[in-house]
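Enquirer: Sharing a structure, written as structure tokens. Questions coming.
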Amino acid sequence: MRTDDLKLFMAVVELGSFSAVAEAWDLPRANVSRRIGELEKRLGGTLFTRTTRKLSLTPVGQELYQRFESLMPMLDAALDSVRHQSQSPVGKVRLGVLPEAEVILHPLLQQFMSRYPELRLEVLISTVGYHDIVNLGLDLCLHAGPMVDSSHIARPLGRFGRRLYASPDYLATHGRPTTLEALAHHRLLGFRWPDGRVEHHWQFEQAQVPVNAALISNSMTYLRRATVDGTGISHLPELMAMQHLQNGELELLMPELVSPQEEVWLVYRDRLSLSQGARLLLEWLLEYVPELTQSA
């Protein structure tokens with residue numbers, strides 16, 4: 001009996017369908033169904049009750065899941081320990097990153113891959129934080145904001161907010177605003193939230209600024225590029241602007257302004273459930289992300 005098939009069974013239980021596991025694991029759906037069927041034959045019992053609308057555990061499946069829910073992390077840890085003593089870390093690590101963090105994380109991830117060339121890294125954009133650990137089958141995930149699920153472990157990476165940025169070319173052409181009132185005479189770039197709302201104000205601790213945007217997008221990545229290209233002034237997440245600030249493509253406006261900040265966390269289920277590669281990436285990010293952001 002292969003441990004990979006048992007892991008596949010556990011994933012089906014947690015994600016709720018063969019289709020969800022096929023998408024998360026990048027497998028054909030027929031492959032998932034076949035492997036579960038083969039596992040049932042080897043066990044001599046049916047694991048799932050299948051209907052057109054719902055997939056539920058049989059008593060046999062329930063007992064198997066309850067027994068292996070705690071055993072599987074310990075088995076993975078034991079196998080990883082043996083591999084660590086005999087060879088370089090191998091396998092795949094799935095990391096969920098916030099859309100605004102991919103710019104600053106990219107060089108760190110490239111360095112990590114150079115350090116551990118036998119590891120395969122899959123980076124997925126995660127818009128709902130730690131909820132995507134199950135949804136996308138992630139090993140690690142960045143999450144911004146409060147942690148309300150105590151079943152996960154969350155390690156702090158820092159506190160970040162949004163600030164005002166413009167390119168040197170834009171400022172050379174249109175001048176540098178030095179007061180919030182002056183922003184009304186500039187081209188402002190606005191964000192449309194996932195629920196469809198367009199932001200009509202930029203919130204700071206000192207004041208709230210009305211925004212009549214010349215350009216609106218539901219993509220912060222697009223607004224970042226437009227800002228770098230000199231289209232106007234934007235209210236970007238600090239993580240997203242950090243690299244452009246360092247290389248001179250963007251300038252920080254009115255640095256005394258402070259926007260509400262959120263804690264950014266690196267989240268995972270528990271250390272025993274992490275593969276050796278995932279643990280190495282966890283330690284890598286916890287060491288280097290704070291250093292990178294503090295030097296900005």
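Enquirer: Does segment 97-225 come out rounded, prolate or oblate, given a ≥ b ≥ c as the square roots of the eigenvalues of its C-alpha gyration tensor, rounded meaning a/c under 1.5 and, failing that, prolate meaning a/b above b/c?
Expert: Here segment 97-225 falls in the prolate category.
Enquirer: Same structure, new question: If you take the beta carbon distance between Glu14 and Thr127 as r and set R0 to 22 Å, what does 1/(1 + (r/R0)^6) give as a FRET efficiency, to the nearest 0.05?
Expert: The formula returns an efficiency of 0.65 here.
Enquirer: Placing +1 on the Cβ of each Lys and Arg and -1 on the Cβ of each Asp and Glu in the chain, which of Gly37, Leu55, Gly91 has its Cα farthest towards the positive end of the resulting dipole?
Expert: Gly37
Enquirer: Measure nothing but the geometry: give the 0 to 90° angle between the long axis through the Cα atoms of 29-43 and the longest principal axis through the Cα atoms of the chain, rounded to 10°.
Expert: Once rounded, the angle reads 30 degrees.
Enquirer: As a test of the formula, what do you get for the chain when each DSSP H run with n ≥ 4 contributes -39,500 (n - 2.57) and the sum is divided by the residue count, at 222 nm and rounded to the nearest 500 deg cm²/dmol?
Expert: Computed mean residue ellipticity for the chain: -13500 deg cm²/dmol.
Enquirer: Related question: With unit charges on the beta carbons (Lys and Arg positive, Asp and Glu negative) and the dipole taken about the Cα centre of the chain, which residue among His152, Leu109, Pro255 sits farthest to the positive side?
Expert: Farthest towards the positive pole: His152.
Enquirer: Show me the chymotrypsin sites (Phe, Trp or Tyr not before Pro) within segment 211-296 that DSSP assigns to loop and that have at most 14 other Cβ atoms within 10 Å of their Cβ.
Expert: Hits after loop and neighbour filter: nothing returned.
Enquirer: Once the dipole of segment 211-296 is set up with Lys and Arg at +1 and Asp and Glu at -1 on Cβ about the Cα centre, which of Ile216, Val264, Ser275 lies farthest towards its positive end?
Expert: Towards the positive end, the residue furthest out is Ser275.
Enquirer: While we're here: Taking 7 Å along the Cα-to-C-beta vector as the label spot, tell me the Leu171-Arg155 distance in nanometres, rounded to one decimal.
Expert: 3.6
Enquirer: I've got another one for you. Here are a few candidate values for Cα Rg over 2.2 N^0.38 Å: (i) 1.59; (ii) 1.22; (iii) 1.01. Which one was actually calculated from the structure I just gave you?
Expert: Looking at Cα Rg over 2.2 N^0.38 Å for this model, the match is (ii).
Enquirer: Magnitude of the Cβ-charge dipole of the chain, K/R +1 and D/E -1, about the Cα centre, nearest 20 debye?
Expert: Charge dipole, the chain, about its Cα centre: 980 debye, nearest 20.
Enquirer: Rounded to the nearest 0.05, what FRET efficiency do Glu283 and Thr58 have when you use their Cβ-Cβ distance and R0 = 35 Å?
Expert: So the FRET efficiency works out to roughly 0.30.
Enquirer: With a cap of 15 neighbouring Cβ atoms within 10 Å, and only residues DSSP puts in a loop, list the GluC sites (Glu not before Pro) found in segment 146-221.
Expert: Loop-located and lightly packed - Glu199, Glu205.
Enquirer: Could you give the angle, 0 to 90 degrees to the nearest 10, between helix 276-294's Cα long axis and the longest principal axis of the Cα atoms of the chain?
Expert: 10
Enquirer: Mind listing the long-range amide H neighbours of Arg187? Cut-off is under 5 Å, sequence gap 5 or more, other chains count too, H placed in the peptide plane at 1.01 Å from N.
Expert: Ile233
Enquirer: A further question follows. Fully extended, how many nm does the chain gain between Arg42 and Glu181 (0.36 nm per residue separation, minus their Cα-Cα distance)?
Expert: Computed gain between Arg42 and Glu181 is 42.8 nm.
Enquirer: Using alpha-carbon pairs under 8 Å, 6+ residues apart, how would you state the relative contact order of the chain in percent?
Expert: 22
Enquirer: Further question on the same structure: Treating only the Cβ of Lys, Arg, Asp and Glu as charged (+1, +1, -1, -1), what charge dipole size does segment 162-253 show about its Cα centre? Round to the nearest 20 debye.
Expert: Around 160 debye, computed over segment 162-253.
Enquirer: Then there is this: To the nearest 10 degrees, how steeply does helix 59-86 sit against the main Cα axis of the chain, on a 0 to 90 scale?
Expert: 70
Only the coordinates and a few stated rules stand behind these numbers; no lab work does. Keep in mind the model is a prediction, meaning the values are calculated, not measured. Cβ coordinates were reconstructed from backbone atoms using ideal geometry, including for glycine residues, and neighbour counts include every protein chain displayed.
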